[in-house]
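Enquirer: Pasting a structure here, questions to come.
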Amino acid sequence: MRDTMRAAAALDNGADIVTIGRGALANPDLLRGLSEPLVLRAFDPTILGSIANIKEAELAM
């Protein structure tokens, strides 16, 4: 959850917990952003893509 108002409303309405998974991935400084005015970035699913660059010589080992 990236929206503090929605998180607060969910907790006020009885939620035991709110998650910040994608919000934290998109905004490594999320906790600071929740306590200070900060424009939060939208989650970009491409950040979950593979970043490995394996060379043919490394595969031969």
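Enquirer: Sort out which residues of the range 8-28 are out of contact with any Leu (no Cβ under 7 Å at 6 or more places or on another chain) and without any contact (Cβ under 8 Å) to a residue 12 or more places away in the chain, and write them in order of number.
Expert: ALA8, ALA9, ALA10, LEU11, ASP12, ASN13, GLY14, ALA15, ASP16, ILE17, GLY21, PRO28
Enquirer: In the range 2-19, how many are within 22 Å of ARG41 (Cβ to Cβ), among the hydrophobic types (A, V, I, L, M, F, W, C) and not in a helix (DSSP H, G or I)?
Expert: Total satisfying the criteria: 1.
Enquirer: Restricting to the range 48-61, what's the tally of residues that are at pLDDT below 80 and part of a helix (DSSP H, G or I)?
Expert: Counting residues in the range 48-61 that are at pLDDT below 80 and part of a helix (DSSP H, G or I) gives 0.
Enquirer: Please count how many residues of the range 20-34 are assigned to a loop (DSSP other than H, G, I, E, B) and more than 17 Å from PRO45 (Cα to Cα).
Expert: Looking only at that region, the number is 1.
Enquirer: Could you check the range 19-56 and list, in sequence order, the residues that are farther than 18 Å from ALA8 by Cβ and of a type in the set (Lys, Arg)?
Expert: ARG22, ARG41, LYS55
Enquirer: Within the range 23-61, take every residue that is small (Gly, Ala, Ser) and in contact with a helix residue (DSSP H, G or I) (Cβ under 8 Å, 6 or more places away or on another chain) and give me the one that is surrounded by the most Cβ atoms within 10 Å (Cβ to Cβ).
Expert: Residues of the range 23-61 that are small (Gly, Ala, Ser), as a first pass: 23-24, 26, 33, 35, 42, 49-50, 52, 57, 60.
Okay, now just the ones that are also in contact with a helix residue (DSSP H, G or I) (Cβ under 8 Å, 6 or more places away or on another chain), so 23-24, 26, 42.
Details: GLY23: 20, ALA24: 14, ALA26: 17, ALA42: 9.
In this case the residue turns out to be GLY23.
The values are calculated or read from the model by the stated rules, or taken from the named source; none is laboratory data. Remember, it's a predicted structure, so these values are computed and weren't measured experimentally. Please note: Cβ atoms are built from the backbone with ideal geometry, for glycine as well, and neighbour counts cover all protein chains shown.
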